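Asker: Below: one structure in structure tokens.
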Amino acid sequence: MSEPLIPQQLRSLIPLNALSDQQWRELRSQLVPQPLLAGQLLFRREDHARVTWYLLSGELLLRDADGVETRLEAGSEASCHPVSPTLPRLHEALALRDCSLLAIDSATLARQLTWGSTHQDLMLELSPDGDSEWLETLLASPLLARVPPANVRSMLERLRRVELPAGSQVMGEGETGDCCYFLQSGRAEVIRGAGSEQQLLAELEVGACFGEEALLGDCPRNASVTLLEDSVLQRLDREDFLELLKAPVVDEVSLGEAVRMLGSGGQWLDVRLQEEYERAHAPEALNMPLHLLRLKARLLNNGGTYLCYCDSGKRSASAVFMLSQLGFRAYALRDGLDALPALQRDALISETGAGYLARSGGRIERSR
């Protein structure tokens, strides 16, 4: 079996190039090249498999419903993007030469892109406070992957600072789990059992979370945690933790409803990466990538209506939640571009290139 590829070998692939090192590690098991021999089919037209394919080497023939054929060669600009990403597939894909391909679970990729944008947005806003190391580690933790991206800011706002001296037992084995903690500074040890049966399970460093298993499983603590140094903790109560695991409700619209809103002065907002936007976007759509949206929102018209879209609908849902918190009227295209029939999708994202710029107060002009 082939060894997994390393991120440096994949940095030209869009939008994979936006992922963090932690996200690359999470994808490691999926980064193994898959062979496709000359003459073999990769997928048929109308295929619904939620897999994002990239061509790493070789050449594919893409044939659409009208019989129009396109050659896709590895190393070309087009091969930096997913192969026929719309579902159901618009093309049949056949190997003209022996190929090597990368297959990424589309749902995992969509979640990582949304979370990555949220992470960047929070770090841009909060890192000037000067205490960013623990926050950086916290945001990269597996626990935070369970929290819907739109809720992460609320979670940080609900944390309560606790200062304790070395030797303090923060939680005891067998206790009821009423909260979890994040270690902002200091060190702690995790111990299970007592007396001669005592086992040291782990030492916790800055950014670590502990106590969450009792909350997720609604069970007693399975270990004790004692501080090895004077420490600063951030406490999150059980009720807040469980509430923040629920995805927030955002306003969504169908394409037909969005078109009616456009006729009444609505504005498309493409919240994907710039490279994705330039490949194809809606007419007169503004590009405000999710991770920059909070910074760029000051350019929007407070009285305007904004219609956000992305491929899967996840990034646009987070964008709508963020804009709503900032006082804007915003809606997400339900389930994203990938849920649209092929003809509707092609008609909607029909422009290519750099597109449009937002100026203060919501004024829009064509970029040069």
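Values quoted throughout were computed directly from the atomic coordinates according to the rules given, and no laboratory measurement underlies them. Small disclaimer: the values here were computed from a predicted structure and weren't measured. Here the Cβ positions follow ideal geometry from the backbone for every residue, glycine too, while neighbour counts run over all protein chains shown.
Asker: Going by Cα centres, the range 318-368 and the range 300-315 are how many Å apart?
Answerer: 5
Asker: Can you tell me which of 29, 76, 196 moves the most in a GNM of the chain? Springs connect C-alpha atoms under 10 Å apart.
Answerer: 196
Asker: Quick check: Cα centre of the range 239-287 to Cα centre of the range 1-74, how many Å?
Answerer: 26
Asker: Between residue 98 and residue 260, what's the calculated FRET efficiency when r is the beta-carbon distance and R0 is 45 Å? Round to 0.05.
Answerer: 0.35
Asker: Could you estimate the translational diffusion coefficient of the chain from the Stokes-Einstein equation, with Rh from the Kirkwood formula over C-alpha pairs, at 25 °C and 0.890 mPa s, in whole µm²/s?
Answerer: 107
Asker: Based on the Cβ-Cβ distance from residue 189 to residue 246, what FRET efficiency comes out when R0 is 35 Å, to the nearest 0.05?
Answerer: Working from the Cβ atoms, E equals 0.60.
Asker: Extension gain residue 162-residue 34, at 0.36 nm per residue separation less the Cα-Cα distance, in nm?
Answerer: 41.1 nm
Asker: Project the alpha carbons of the range 149-244 onto their principal axes and report the range along each, largest first, in whole Å.
Answerer: Principal axes ranked by extent give 46, 28, 18 Å for the Cα atoms.
Asker: Additional query: For a quick check: sort 137, 226, 70 by the number of other beta carbons within 10 angstrom, fewest at the front.
Answerer: 70, 226, 137
Asker: Using the Cα atoms of the range 97-219, I'd like the radius of gyration and the largest Cα-Cα distance, Dmax, both in angstrom.
Answerer: Answer for the range 97-219, Rg first and Dmax second: 18.3, 66 Å.
Asker: Still on this structure: Given an 8 Å cut-off on Cα distances and at least 6 residues of separation, report the relative contact order of the range 149-244 as a percent.
Answerer: For the range 149-244, the relative contact order is 45 percent.
Asker: What's the center-to-center distance, using Cα atoms, between the range 182-207 and the range 94-122 in Å?
Answerer: Here the two parts' Cα centres lie 36 Å apart.
Asker: Ok, one more. Run the numbers on the chain and let me know its relative contact order in percent, using alpha-carbon pairs under 8 Å that are six or more apart.
Answerer: 14
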